[in-house]
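Q: I'd like to ask you about the structure that follows.
The values are calculated or read from the model by the stated rules, or taken from the named source; none is laboratory data. A quick note: this is a predicted structure, and the numbers were derived from the prediction, not measured. All Cβ positions, glycine included, derive from the backbone under ideal geometry; neighbour counts span all protein chains shown. Please note that ligands, DNA and RNA were not included when accessible areas were found on the heavy atoms of the full protein model with its side chains. Shrake-Rupley method; radii C 1.70, N 1.55, O 1.52, S 1.80 Å.
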Amino acid sequence: PPVVGEVVRGFASPGEGGPARGVTLAATPGARVVAPCAGLVAFAAPFRSYGRLVILECAPGQHLVLGGLERLDVQAGHRLRAGEPLGVLATAPRPTLYVELRRRGEPVDPRPVLRI
């Protein structure tokens, strides 16, 4: 998994904006977030309400979106191995990491792939 934590919102669970397209993990303040797969960093920057966001292309047509980071340790264009650091979560109480897996542009449940 990208961070040690617990699932606080599961894939497809209902919410104000409709069903969740990913999972949300609560972790310890300042937790390190790592690449759950080897791949190319397609995007790494602040993005809307997601905080700092990383999009990692794990395989052709398969992307992991990780949002809510306070600090990024990668830049777009970096090639990573599984387990390499992406950044860290906020030091605020109970920070969360949003994780979305997209296959050919469609969200799919990331829990089986990430074993979370």
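Q: For Arg9, state whether it is charged (D, E, K, R), open to solvent by 20 Å² or more (accessible area, probe 1.4 Å), modelled with pLDDT of 95 or more and closer than 17 Å to Arg115 by Cα.
A: Details: charged (D, E, K, R): yes; open to solvent by 20 Å² or more (accessible area, probe 1.4 Å): yes; modelled with pLDDT of 95 or more: yes; closer than 17 Å to Arg115 by Cα: yes.
In short, yes.
Q: In the set Gly83, Gly67, Gly105, Gly77, which member is small (Gly, Ala, Ser), out of contact with any His (no Cβ under 8 Å at 6 or more places or on another chain) and under 15 Å from Thr24 (Cα atoms)?
A: Working: Gly83 fails: under 15 Å from Thr24 (Cα atoms); Gly105 fails: under 15 Å from Thr24 (Cα atoms); Gly77 fails: under 15 Å from Thr24 (Cα atoms).
Testing whether each residue is small (Gly, Ala, Ser), out of contact with any His (no Cβ under 8 Å at 6 or more places or on another chain) and under 15 Å from Thr24 (Cα atoms) leaves just Gly67.
Q: Okay, moving on. Kindly indicate whether any position in the stretch 20-31 is of a type in the set (A, V, I, L, M, F, W, C) and at pLDDT below 95. Reasoning before the result, please.
A: Step one: list which residues in the stretch 20-31 are of a type in the set (A, V, I, L, M, F, W, C), which gives 20, 23, 25-27, 31.
Then keep just the ones that are at pLDDT below 95; that gives none.
No, the conditions are met nowhere in the stretch 20-31.
Q: Go through the stretch 25-74 and count every residue that is outside any strand (DSSP E or B), without any contact (Cβ under 8 Å) to a residue 40 or more places away in the chain and over 16 Å from Gly5 (Cβ atoms).
A: So the count comes out to 6.
Q: Oh, and also: Kindly provide the set of residues from the stretch 15-57 that are over 15 Å from Arg71 (Cα atoms) and among the charged types (D, E, K, R), ordered by number.
A: Glu16, Arg21, Arg48, Glu57
Q: While we're on this one: Can you tell me which residue within the stretch 88-109, out of those that are touching an Asp or Glu at 6+ places or on another chain (Cβ under 8 Å) and either at pLDDT 95 or above or on the phi > 0 side of the Ramachandran plot (or both), is surrounded by the fewest Cβ atoms within 10 Å (Cβ to Cβ)?
A: Of the stretch 88-109, the ones touching an Asp or Glu at 6+ places or on another chain (Cβ under 8 Å) are 88-91, 95, 101, 107.
Then keep just the ones that are either at pLDDT 95 or above or on the phi > 0 side of the Ramachandran plot (or both); that gives 88-89, 95, 101, 107.
Values: Val88: 20, Leu89: 26, Pro95: 22, Leu101: 24, Pro107: 16.
By that ranking, first place goes to Pro107.
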